[in-house]
1. I'm trying to understand the selection: among the residues of segment 118-138, which are among the charged types (D, E, K, R) and in contact (Cβ under 8 Å) with a residue 40 or more places away in the chain?
2. Can you name the residue in segment 111-125 that is over 16 Å from the mean Cα position of the chain (by Cα) and assigned to a helix (DSSP H, G or I) and is also nearest to Thr65 (Cα to Cα) among such residues?
3. What helices (runs of 4 or more DSSP H) completely inside segment 1-62 contain at least 2 residues that are open to solvent by 50 Å² or more (accessible area, probe 1.4 Å), touching a residue at least 12 places away in the same chain (Cβ under 8 Å) and over 25 Å from Met80 (Cα atoms)?
4. Restricting the search to segment 143-170, which residues are loosely packed, with under 12 Cβ neighbours inside 10 Å, in a helix (DSSP H, G or I) and among the charged types (D, E, K, R)?
5. Considering only residues that are open to solvent by 70 Å² or more (accessible area, probe 1.4 Å), modelled with pLDDT under 90 and either of a type in the set (Phe, Trp, Tyr) or part of a helix (DSSP H, G or I) (or both), which ones fall in segment 63-97?
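The values are calculated or read from the model by the stated rules, or taken from the named source; none is laboratory data. Quick caveat, the model's predicted, so the values are computed rather than measured. With ideal geometry, Cβ positions are generated from the backbone for all residues, glycine too; neighbour counts draw on all protein chains shown. Remember, those area values only see protein heavy atoms, side chains included, never the ligands or the DNA or RNA. Shrake-Rupley method; radii C 1.70, N 1.55, O 1.52, S 1.80 Å.
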Amino acid sequence: KGKVEDVAKRVLEHGADAVVFDDELSLAQQRSLNKELAFHGCADDLQILDRTQLVLQIFSERAQTREARAQIALARAEYMLPRLTTFLTTGAGMDSRSGGKGSSGGAYLRGAGESQLEMDRRLFGKRISRLNKELDLLKEKRTQSREKRKTDDRLPLVCLVGYTNAGKTSLLNALA
């Protein structure tokens, strides 16, 4: 509790909207920290992040290629899969158990007695599988492009290497 009070004090001093912990946090730990920090006067929407979440956030903001975005989506899905809990969906008006005749929420998605958590895990598993297949296809395409570049006999490949102010640009301009 003493550390939580110290963190709350620093959050309030600096007006922080996020707290990053240099360790792996479980979902329960994140929720507990959020409750405790709110109890000490911090905003309810204060983000509690662990190192992995921070890295994923930074990478997702900088990802530019389709492959990079797919890798980030896969990493996020794999990170979130063990952290899925029923609180993610119970507030959305979904029952914890469904199935049988007259069940809401699309009987084609859920088997009899399958809980919302089980369905979420199954859907996350399908998403992870789809992302892995997409990444495999992108790797294969990249390998084919690399092989094609190697076999193309358009122009010889030349590389100029040297220290700063060694005259690389002058040599390249003279050759052009």
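1. Step one: filter segment 118-138 for residues among the charged types (D, E, K, R), giving 118, 120-122, 126-127, 130, 133-134, 136.
Arg121, Arg127, Glu134, listed by residue number.
2. Taking segment 111-125 first, the residues over 16 Å from the mean Cα position of the chain (by Cα) are 111-123.
Cutting the leftovers down to assigned to a helix (DSSP H, G or I) gives us 116-123.
Working: Gln116: 34, Leu117: 32, Glu118: 32, Met119: 31, Asp120: 28, Arg121: 28, Arg122: 28, Leu123: 25 Å.
In this case the residue turns out to be Leu123.
3. On the way: elements: 2-14, 27-39, 51-62.
Ranges flagged: 2-14.
4. Hits for segment 143-170 are Arg146, Glu147, Lys148, Arg149, Lys150.
5. Residues satisfying the conditions are Pro82, Phe87, Leu88.
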